[in-house]
Amino acid sequence: MNILVTGGLGFIGSHTVIELIKSNHTVVIADNLINSKIDVLNKIETVVNVRPTFYQVDVTNELDVEEIFTNHKIEGVIHFAGLKSVGESVSKPLEYYYNNLVSTMVLSKLCLKYGVEKFVFSSSATVYGDQPSPLKEEVELKRTTNPYGETKAMSERILTDIANAHEKFAVSLLRYFNPVGAHESGLLGENPNGIPNNLMPFVTKVAKGELPKLTIFGDDYDTVDGTGVRDYIHVVDLAKGHVKAIENLNKGVNCYNLGTGKGTSVLEMVNAFMRVNQVAVPYEIVDRRPGDIATCYADVSKAEYELDWKAELTIDEMVRDAWNFEQKQGLIEL
Ligand code: NAD
Ligand code: UDP
């Protein structure tokens, strides 16, 4: 298939581009580099020996995106491009709603115009709000607590309505749990600008000595050791889930949890990082972070059954690859 991957130079997008190419698909990337660097394209080429066609465009710009549809016979779209910081979305709601919703509408509009029948969307477990785990796809969604989460819930509804109105437009809504880890080459991984919000990039910066200590947000939750429990999934497993999702997408609206189905606490994650990598991660327990929930993990049986996909990599492999990538930062320039 000829697949347009928006946000294809970002963390999850770049790993997915690699897996798509390995599965013999042809990839066209659209990314405006707002949260990624052009050298990721070189790194993709180093890993798979193929250089995907790249357009530096903002996917909210319909005219620019239309050029891609006229230049290539696109057969499927995987839409990763989006702003993703929960905290920032509270202070900049309009930027988040505009970027994340207009991009989804521009792309789906062009899919209808050019007869593109497959659309895979990056959604998030955040659409579930605070509900008991394991989370199943069919539970009724609760209002999320921040504009970022709302952009995901709204995009899901927009795409669902379009697919219901147009028989030939099939949609896969992929709800990611907590993607971590990096490519085993150490070339690609998660490298957020500034101080990281998420646990794993914060841990790697502390281990490297770039930040003094990790603050663990609360140890009084009703969990195995009082710290928050999440379903961490290796980004390479997640990427492979996208290949399965687009290859199995035929009609209607299809929603899948992409996680491992297992919950891991913050302390379990930090201890695994120290044990596997033989490096210290000083930490301090502080108050709970506002908006956090105690526990969130997936029921993954639907993706396993319908897509024949299952996450395979372990927590030890996630922390090993995250640290390998972090240590190579700044050492490899292509
Ligand atoms: P990322 O920031 O690394 O990648 C997103 C990419 O999209 C970046 O390369 C950025 O430059 C690009 N982009 C953003 N807005 C754009 C626009 N208007 N036009 C063109 N390019 C644009 O993020 P990621 O972690 O790879 O996440 C990918 C998708 O998955 C996002 O939609 C995110 O909301 C969703 N998601 C991520 C997580 C996570 O924990 N990483 C969890 C759930 C869902
Ligand atoms: N967390 C933490 N310290 C940090 C960042 C995160 O203790 O510096 C905890 C957070 O409270 C949650 C878990 O780690 O229990 C995962 O948080 P993250 O922000 O990575 O993902 P999300 O909250 O979106 O699931």
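The values are calculated or read from the model by the stated rules, or taken from the named source; none is laboratory data. Bear in mind the structure is a predicted one, so any value in this text is a computation, not a measurement. Note that we place each Cβ from the backbone using ideal geometry, even for glycine, and neighbour counts take in every protein chain shown.
Mind checking whether some residue in region 145-152 is within 10 Å of ligand 1 (Cβ to nearest atom), within 24 Å of D237 (Cβ to Cβ), touching a residue at least 24 places away in the same chain (Cβ under 8 Å) and touching a Leu at 6+ places or on another chain (Cβ under 6 Å)?
no
Quickly run through region 46-65 and pick out the residues that are within 14 Å of ligand 1 (Cβ to nearest atom), surrounded by 13 or more Cβ atoms within 10 Å (Cβ to Cβ) and in a helix (DSSP H, G or I).
Result: E62, D64, V65.
Across region 165-210, which residue is nearest to the chain's Cα centre (by Cα) among those that are within 16 Å of ligand 2 (Cβ to nearest atom) and charged (D, E, K, R)?
Step by step, filter region 165-210, then rank; the result is R175.
If you check D225 against the conditions, is it surrounded by fewer than 23 Cβ atoms within 10 Å (Cβ to Cβ) and under 23 Å from K302 (Cα atoms)?
no
Checking the structure you have, find out if any residue of region 29-45 is closer than 21 Å to I246 by Cα, in a strand (DSSP E or B) and either without any contact (Cβ under 8 Å) to a residue 40 or more places away in the chain or near ligand 1 (Cβ under 10 Å from one of its atoms) (or both).
So far as region 29-45 goes, yes, one or more of its residues are closer than 21 Å to I246 by Cα, in a strand (DSSP E or B) and either without any contact (Cβ under 8 Å) to a residue 40 or more places away in the chain or near ligand 1 (Cβ under 10 Å from one of its atoms) (or both).
How many residues are over 12 Å from the mean Cα position of the chain (by Cα), modelled with pLDDT of 95 or more and farther than 19 Å from I18 by Cβ when one looks only at region 220-256?
19
Quick one: which of L135, L110 is more than 11 Å from ligand 1 (Cβ to nearest atom) and under 20 Å from K302 (Cα atoms)?
Just one listed residue meets the conditions, L135.
Looking at the structure I just gave you, is I74 β-branched (V, I, T), modelled with pLDDT of 95 or more and closer than 20 Å to L249 by Cα?
Judged against the criteria, I74 is a match.
From the list V229, V270, V286, pick out the single residue that is in contact with a strand residue (DSSP E or B) (Cβ under 9 Å, 6 or more places away or on another chain), of a type in the set (V, I, T) and within 16 Å of E326 (Cα to Cα).
Only one candidate qualifies: V270.
Do the conditions hold for T60, that is, is it β-branched (V, I, T), away from ligand 2 (no atom under 16 Å from the Cβ) and under 21 Å from N254 (Cβ atoms)?
Judged against the criteria, T60 is not a match.
Taking I18, is it within 16 Å of ligand 2 (Cβ to nearest atom), at pLDDT 95 or above and within 19 Å of G186 (Cβ to Cβ)?
For I18, the condition - within 16 Å of ligand 2 (Cβ to nearest atom), at pLDDT 95 or above and within 19 Å of G186 (Cβ to Cβ) - is not met.
Given the conditions (1) without any contact (Cβ under 8 Å) to a residue 60 or more places away in the chain; (2) more than 12 Å from ligand 1 (Cβ to nearest atom); (3) in a helix (DSSP H, G or I), report the number of the one that A163 does not fulfil.
It is condition (1) that A163 fails.
Does L110 count as part of a helix (DSSP H, G or I) and buried (at least 17 other Cβ atoms within 10 Å of the Cβ)?
Criteria met by L110.
Go through (1) in a helix (DSSP H, G or I); (2) touching a His at 6+ places or on another chain (Cβ under 7 Å) and name the single condition F121 misses.
With respect to (1) in a helix (DSSP H, G or I); (2) touching a His at 6+ places or on another chain (Cβ under 7 Å), F121 is out only on (1).
Please work out if K240 is crowded, with 20+ Cβ neighbours inside 10 Å and under 17 Å from D321 (Cα atoms).
yes
Scan T104, T70 and give me the residue that is buried (at least 22 other Cβ atoms within 10 Å of the Cβ), of a type in the set (S, T, N, Q), assigned to a helix (DSSP H, G or I) and away from ligand 2 (no atom under 16 Å from the Cβ).
Just one listed residue meets the conditions, T104.
K84: within 16 Å of ligand 2 (Cβ to nearest atom), basic (K, R) and either within 24 Å of S172 (Cβ to Cβ) or surrounded by fewer than 14 Cβ atoms within 10 Å (Cβ to Cβ) (or both), yes or no?
yes
Is it the case that region 226-242 has a residue that's of a type in the set (D, E), in a loop (DSSP other than H, G, I, E, B) and within 12 Å of ligand 2 (Cβ to nearest atom)?
Yes, region 226-242 contains at least one residue that is of a type in the set (D, E), in a loop (DSSP other than H, G, I, E, B) and within 12 Å of ligand 2 (Cβ to nearest atom).
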